[in-house]
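Report on the following structure.
Nothing in this text is a laboratory measurement; each read-out follows from the coordinates by a stated rule. As the structure is a computational prediction, the values presented were derived from the model and not from experiment. Positions of Cβ are generated from backbone atoms using ideal geometry, with glycine treated the same way; all protein chains shown enter the neighbour counts.
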């Protein structure tokens, strides 16, 4: 009787620990884009229905000072990113405000780094965004 109890307990613990480690990483949050010669953006990434989207919250200069008259604050930069695996999304679009162009996009999450790519045909350009504290 005790051995059956131990087996049942061990099985239950294995299920709970496996379930806890298999939880999907959360891409939602505030992200800092790579810097350009003018500064960088803060983008809020969140779930939008069954997909992931991102909105420009703020533009900052290279010293980290807000650029209050930045014309694209509040505009959607990422949309329709569908989950492919626990740490990757694809099938969406990304808008490059510096060129005012929209590209096919995909994203991959590794810890607190989000690799975001925009592609035309087989030519892709990517950035590594850094998660900011909430």
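Looking only at residues in the stretch 53-70 that are touching a residue at least 24 places away in the same chain (Cβ under 8 Å) and over 17 Å from the mean Cα position of the chain (by Cα), the one that is surrounded by the most Cβ atoms within 10 Å (Cβ to Cβ) is 67. With respect to the conditions (1) touching a residue at least 40 places away in the same chain (Cβ under 8 Å); (2) assigned to a strand (DSSP E or B), residue 98 lacks only one, and its number is (2). Do we find a residue being closer than 17 Å to residue 41 by Cβ, in a strand (DSSP E or B) and free of Cβ contacts under 8 Å to residues at least 12 places away in the same chain anywhere in the stretch 101-124? The answer is yes; a qualifying residue exists.
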